[in-house]
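Colleague: Have a look at this one.
The values are calculated or read from the model by the stated rules, or taken from the named source; none is laboratory data. Given the structure is predicted, the values throughout are model-derived calculations rather than measurements. Here the Cβ positions follow ideal geometry from the backbone for every residue, glycine too, while neighbour counts run over all protein chains shown.
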Amino acid sequence: MSAIEEVEVRPALSHEEYLRALKLRVEVFVEEQGGPLEDEPDCWDPAARHFVALRDGEIVGTARFYQPCLGVGKIGRVAVRREARGQGLGRQLLETMIGHARSLGLREIRLDSQVSVIGFYERLGLQSEGGPFMEAGILHQSMRLTLRGDHVEPGSPDTSGSSRTGSDGGPRSSLSDRARPSSSVPGSLQR
Ligand SMILES: CC(C)(COP(=O)(O)OP(=O)(O)OC[C@H]1O[C@@H](n2cnc3c(N)ncnc32)[C@H](O)[C@@H]1OP(=O)(O)O)[C@@H](O)C(=O)NCCC(=O)NCCS
């Protein structure tokens with residue numbers, strides 16, 4: 001059996017599992033990359049569904065998913081344990097989350113990629129839009145994957161399905177992980 005066949009990718013099933021995923025985020029984003037500890041967790045965490053990749057019971061990968069507005073899924077905090085990288089785990093994690101977004105009938109997925117890993121997301125079909133920007137001291141790029149091009153959400157503030165850009169051409173202003181969730185974020189604690 002290959003290493004990738006031994007991996008299980010699924011939503012975290014308990015608060016304890018979420019805390020283990022958070023520990024991995026601290027290892028990767030704070031200790032390895034020097035990001036701010038106060039962002040792990042941040043205010044989006046309670047509204048997010050947290051996915052984990054497990055190998056032999058150990059969490060070796062994690063990412064989170066939430067809906068910042070109707071029809072849109074946002075993926076973030078994608079992290080694979082350093083020793084486990086380059087084995088297809090990141091791909092397996094993202095494919096599971098994209099499948100989750102499809103099963104919800106969402107029209108698109110957005111994420112803010114660190115510029116150094118754009119190629120990883122491009123292999124999964126995401127495309128860059130707008131210009132690069134700084135977040136947590138690291139250069140980022142907004143990316144999007146269209147799941148359904150013809151969908152219009154009744155009553156949605158974003159009914160065009162087209163890209164809304166900020167002053168610098170980026171679409172991130174209302175959707176940044178660093179922006180606070182509005183009180184209308186549906187389904188808080190989707191676990
Ligand atoms: C980015 C990250 C999640 C990728 O996970 P991974 O398990 O190593 O990636 P995979 O092994 O599944 O790679 C899947 C494909 O993407 C490619 N890839 C992986 N990292 C890449 C990178 N930095 N740039 C370009 N391509 C990359 C792989 O070569 C592979 O290509 P292939 O399918 O053609 O063989 C992982 O490196 C990581 O956790 N990095 C630190 C945290 C981080 O930067 N997260 C992203 C925040 S936006």
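Colleague: Show the residue pairs that are 6+ apart or on different chains and have beta-carbon atoms under 7 Å apart, the first residue being within the range 70-85 and within 14 Å of Phe51 (Cα to Cα), the second being at pLDDT below 95.
Modeller: Pairs found: Lys74/Leu175; Gly76/Asp177.
Colleague: Also: Is it the case that some residue within the range 34-48 is buried (at least 17 other Cβ atoms within 10 Å of the Cβ), hydrophobic (A, V, I, L, M, F, W, C) and in a strand (DSSP E or B)?
Modeller: No, the range 34-48 has no match at all.
Colleague: Taking Arg77, is it within 15 Å of the ligand (Cβ to nearest atom), of a type outside the set (Ser, Thr, Tyr) and under 22 Å from Gly35 (Cα atoms)?
Modeller: Taking the combined requirement at face value, the residue satisfies it.
Colleague: To continue, here is another question. Could you tell me whether Gln141 is within 8 Å of the ligand (Cβ to nearest atom) and either over 12 Å from the mean Cα position of the chain (by Cα) or part of a loop (DSSP other than H, G, I, E, B) (or both)?
Modeller: no
Colleague: Might you let me know whether the range 88-108 holds any residue that is near the ligand (Cβ under 10 Å from one of its atoms), out of contact with any Lys or Arg (no Cβ under 7 Å at 6 or more places or on another chain) and β-branched (Val, Ile, Thr)?
Modeller: Scanning the range 88-108 turns up no residue that is near the ligand (Cβ under 10 Å from one of its atoms), out of contact with any Lys or Arg (no Cβ under 7 Å at 6 or more places or on another chain) and β-branched (Val, Ile, Thr).
Yes/no matrix, rows are residues, columns are (1) over 30 Å from Gly131 (Cβ atoms); (2) polar (S, T, N, Q); (3) surrounded by fewer than 15 Cβ atoms within 10 Å (Cβ to Cβ):
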residue	(1), (2), (3)
Arg20	yes, no, no
Phe51	no, no, no
Ala63	no, no, no
Ile75	no, no, no
Met97	no, no, no
Ser103	yes, yes, yes
Ile109	no, no, no
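Colleague: Right, here's the next one. If we keep just the residues of the range 79-93 that are in contact with a Leu (Cβ under 7 Å, 6 or more places away or on another chain) and crowded, with 20+ Cβ neighbours inside 10 Å, which is nearest to Glu8 (Cα to Cα)?
Modeller: So, considering only residues that are in contact with a Leu (Cβ under 7 Å, 6 or more places away or on another chain) and crowded, with 20+ Cβ neighbours inside 10 Å, the one nearest to Glu8 (Cα to Cα) is Val80.
Colleague: Test of understanding: among Gly149, Gly161, Gly131, Gly155, which residue is surrounded by 12 or more Cβ atoms within 10 Å (Cβ to Cβ), away from the ligand (no atom under 16 Å from the Cβ) and at pLDDT below 95?
Modeller: Selected residue: Gly161, the only one of Gly149, Gly161, Gly131, Gly155 that is surrounded by 12 or more Cβ atoms within 10 Å (Cβ to Cβ), away from the ligand (no atom under 16 Å from the Cβ) and at pLDDT below 95.
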